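Before any comments, here is the structure.
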DNA sequence: TACGTGCCGATACAGTGTATCGATCAATGC
DNA sequence: GCATTGATCGATACACTGTATCGGCACGTA
C-alpha cells in the first residue's frame, strides 16, 4: 500500500509545555465530569498526552494533586459584602456554590489543612472584612461558619448523589427508599422519628442550609455584641 | 522424610463461622489501628482467616462494608440529658468523642446517607428527647447540629493528623509549618490574617469546638423560643 | 571528539476491588 | 444405596491503581 493511500496517523496531542496549572485544570475537568474516582494519575497524564511519571516532576504524590485542586477551587470562593454578618453569609453561600459546581469538593473539604495561596487569600479576604470585630472573636466565628458549611455541604451532596444513583429519575429513588423507610417505621421501633418524617414540614436543600446558617449567625450575633 | 520428622503445618485460623458483625468488627479494628487505607477486603479477609471473595456473601461491595462500619460506630453515639439544649449538646459531644476513638469516622461522616439501624436508633433517641419542641423545628435543629459537628470534627482530625505526620513530636511540626507561615506572612500579602494569627488568642481544640457549638445552640434558642 | 552528568519516562512492582467459573459438596430422584 | 443434579464457594484472573527503579538518551563541558 502506497503512502498516498495510507491515512496519516491521527494528530497526537502535542506535547504542550507542562505546568502545575495545566495538570490541575485537567484533573478538575475529569473530576467535574465523572467524580473524584475518575482522577487517576494515569488518566490525567493521558489527557495531557504524557506518561504518568511525567507528573511527578510537578507533584510529589497524588495527595498533593488533590491539595492543588482544592486550592484552585478556593480561588472561586470569595466573600463579599459589608459587616460581619453579610461577610460570613457570603462566605458560606459561595463555598456552597463552589461545591455545587465541583461536587468532589464535598469529598475533600476539611479533609486536610488548607494552606495554599488561594485558601490563604480567601482567609485574608474574610478576616480583612471583619475589621470591626474583636480580634479574639474572629477565628472562632470563621471556624464555626466553615465547620457548618463543610458538614452541611457534605450531607447535601451525599443526598444528591444517592438520589442520582438510584436510577436517573426521582421515581426510582422514592420507589427504593420510601418503601424501606415505610417498612422500617412500620416496625414501630422509631416512633418519634416516624412522626417527624411523616408529619413535619420538609424543607428543600436551600432552605435547610439557610436555616442552619441563620441559627449560627444569630448565635454569633448574641456573643459578638454582648 | 517420614511423617514423624515432618512438623505439622501451623494451626490455621479456624474457619470460625462468619457473619457481618465479625467482618465489621475486624474492619474497625484495622481502621482504628492504621486508618481507613489499611482496610482492604483482602486484609480483612486475611485477618479472619478466609479468602477475599468469601466476604461477598455478606456484603455487595466495599462501600457497603464502610456503611456498616459507620452504622456500628453510631451504636456508640447516644445523646443523654433533658431539654433540647442538653440533648443537642450531648449529641454533638458524643459524636465528637466517637470520632476521637475512631478517627476514620471523620473521613466517612456525612459522606453517604446514613440509614442503618443504629443511625436510625440514634435519630430516634434524639428526636424522642426533643418532645417539647415544635415538630417543624426538630429536623432543622438536628440537621444544623449534625452539619456543624461533621465539619468541626473533620477539621479537628485533619489538624491532628497533620501534626502527627510531620514527625511524631510537635517540634518538627512547628519547625515545618511555623517557618512556612512566617515566610508567607512576611510577604505582606495576608496582613489581616497575619495579625489575627499572631496577635489573637489561640483556643485549643476543645474550646474551639464548644465555642462554635455554643454559637449554634444560642442561635437555635433565639428561634425556638421566639 | 570524548567524556561525564543529569534527567526523563518506560518498565516493573505490589497492591486494589471484584467478575468469572471450575471444583466441590449437599440434596434429590430412582 | 447410588447416580445425578443443583447450588455454593473460593481460587484465579483482570483491569486498574500509585509510585520506585534505573537504563538510555540528550546535553554541557573538556
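Do we have residue A:67 as away from chain B (no Cβ under 11 Å), away from DNA strand C (no atom under 16 Å from the Cβ) and farther than 18 Å from residue A:209 by Cβ here?
In short, yes.
Out of (1) within 18 Å of residue B:212 (Cα to Cα); (2) at the interface with another protein chain (Cβ under 10 Å from one of its Cβ atoms); (3) under 18 Å from the mean Cα position of the chain (by Cα); (4) part of a helix (DSSP H, G or I), the odd one out for residue A:88 is which?
Here residue A:88 clears every test but (2).
Is it true that some residue in segment B:177-190 is modelled with pLDDT under 95 and under 28 Å from the mean Cα position of the chain (by Cα)?
So far as segment B:177-190 goes, yes, one or more of its residues are modelled with pLDDT under 95 and under 28 Å from the mean Cα position of the chain (by Cα).
So which of A:23, A:28 ends up being assigned to a helix (DSSP H, G or I) and within 13 Å of DNA strand C (Cβ to nearest atom)?
A:23
Taking the condition out of contact with any strand residue (DSSP E or B) (no Cβ under 6 Å at 6 or more places or on another chain), closer than 30 Å to residue A:213 by Cα, more than 9 Å from every other protein chain (Cβ to nearest Cβ) and at pLDDT below 90, does residue B:197 pass? Outline the logic, then answer.
On the way: out of contact with any strand residue (DSSP E or B) (no Cβ under 6 Å at 6 or more places or on another chain): yes; closer than 30 Å to residue A:213 by Cα: yes; more than 9 Å from every other protein chain (Cβ to nearest Cβ): no; at pLDDT below 90: yes.
When the stated conditions are applied, residue B:197 does not pass them.
For the condition assigned by TED's automatic domain parsing to the domain that holds residue A:144, part of a loop (DSSP other than H, G, I, E, B) and either within 15 Å of DNA strand C (Cβ to nearest atom) or more than 18 Å from residue A:153 (Cα to Cα) (or both), what is the one hit in A:115, A:120?
A:115
Conditions (1) closer than 24 Å to residue A:208 by Cα; (2) touching a strand residue (DSSP E or B) at 6+ places or on another chain (Cβ under 6 Å); (3) facing another protein chain (nearest Cβ under 8 Å); (4) at pLDDT 90 or above, marked per residue:
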residue: B:113; (1), (2), (3), (4): yes, no, yes, yes
residue: B:119; (1), (2), (3), (4): yes, no, no, yes
residue: B:122; (1), (2), (3), (4): yes, no, no, yes
residue: B:136; (1), (2), (3), (4): yes, no, yes, yes
residue: B:143; (1), (2), (3), (4): yes, no, yes, yes
residue: B:158; (1), (2), (3), (4): no, no, yes, yes
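Suppose we filter A:91, A:55, A:66, A:48 for residues that are modelled with pLDDT of 95 or more, within 16 Å of DNA strand D (Cβ to nearest atom) and crowded, with 17+ Cβ neighbours inside 10 Å; which single one remains?
A:66
The values are calculated or read from the model by the stated rules, or taken from the named source; none is laboratory data. All values reported here derive from a predicted model rather than from experimental measurement. Please note: Cβ atoms are built from the backbone with ideal geometry, for glycine as well, and neighbour counts cover all protein chains shown.
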